[in-house]
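Peer 1: Got a structure for you, written out below as structure tokens; questions coming shortly.
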Amino acid sequence: SLMKDQIYYKILDFGKIIGGFIVKPEGKGQYELYRLFIDPEYQGKGIGSRTLTYIEKELIDAVKIVLETPSFNIKNHVFYEKMGYIKTGEVKYAEDCYSYKYEKLLK
């Protein structure tokens, strides 16, 4: 099942859940970041950047992290590129619905 294959984290601010993320080991040091979400009230305060840095350090065997983000979410593209992720392709789901794939080599 999906729950067994993925690692779920919550992001806390003095005990209050303000976000979270899900990663999935893909083997051979590759991980997929499925979700990274921060409560809108807490966005723009560096939490996303600190969280990505934490993920990259916490996954001690990680060589590469891959992720997908919607094409329309320009804010995400800017964020991931600022954090060193490179756009590697597109996935088309429907006529006007597609995502961009990103990856970052860690070692």
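Just so you know, all these numbers are worked out from the coordinates, no wet-lab data involved. Please read all numbers here as calculations on a predicted model, not as lab measurements. Note: ideal-geometry Cβ built from the backbone for every residue, glycine included; neighbour counts use all protein chains shown.
Peer 1: Can you compute the charge dipole magnitude of the chain about its Cα centre, using +1 on each Lys and Arg Cβ and -1 on each Asp and Glu Cβ, nothing else charged? Give it in debye, rounded to the nearest 20.
Peer 2: Numbers: 17 positive and 15 negative charges, 62 e Å.
It comes to approximately 300 debye.
Peer 1: Counting helices only, and only those DSSP H runs with n ≥ 4, report the 222 nm mean residue ellipticity of the chain as the sum of -39,500 (n - 2.57) divided by its residues, in deg cm²/dmol to the nearest 500. Write out the running numbers ahead of the final one.
Peer 2: On the way: 3 runs with 25 residues, N = 107.
Here the helix-only value at 222 nm equals -6500 deg cm²/dmol.
Peer 1: Name the residues whose placed amide hydrogens come within less than 5 Å of the amide hydrogen of Tyr34, ignoring near sequence neighbours (fewer than 5 apart) on the same chain.
Peer 2: Ile22, Val23, Lys24
Peer 1: Counting only residues 5 or more places away or on other chains, whose amide H sits under 5 Å from the amide H of Tyr98 once H atoms are built in the peptide plane?
Peer 2: Counting only residues 5 or more places away or on other chains, the set is Ser71, Tyr93.
Peer 1: What is the sum of charges, Lys and Arg at +1 and Asp and Glu at -1, for the other residues whose Cβ falls under 15 Å from the Cβ of Ile22?
Peer 2: On the way: positive: Lys4, Lys10, Lys24, Arg35; negative: Asp5, Glu26, Glu32, Glu58, Glu68.
Surrounding charge for Ile22 is -1.
Peer 1: Please report how far the C-alpha centroid of the range 80-99 lies from that of the range 40-67, rounded to the nearest whole angstrom.
Peer 2: Each part reduced to its Cα centre gives a spacing of 18 Å.
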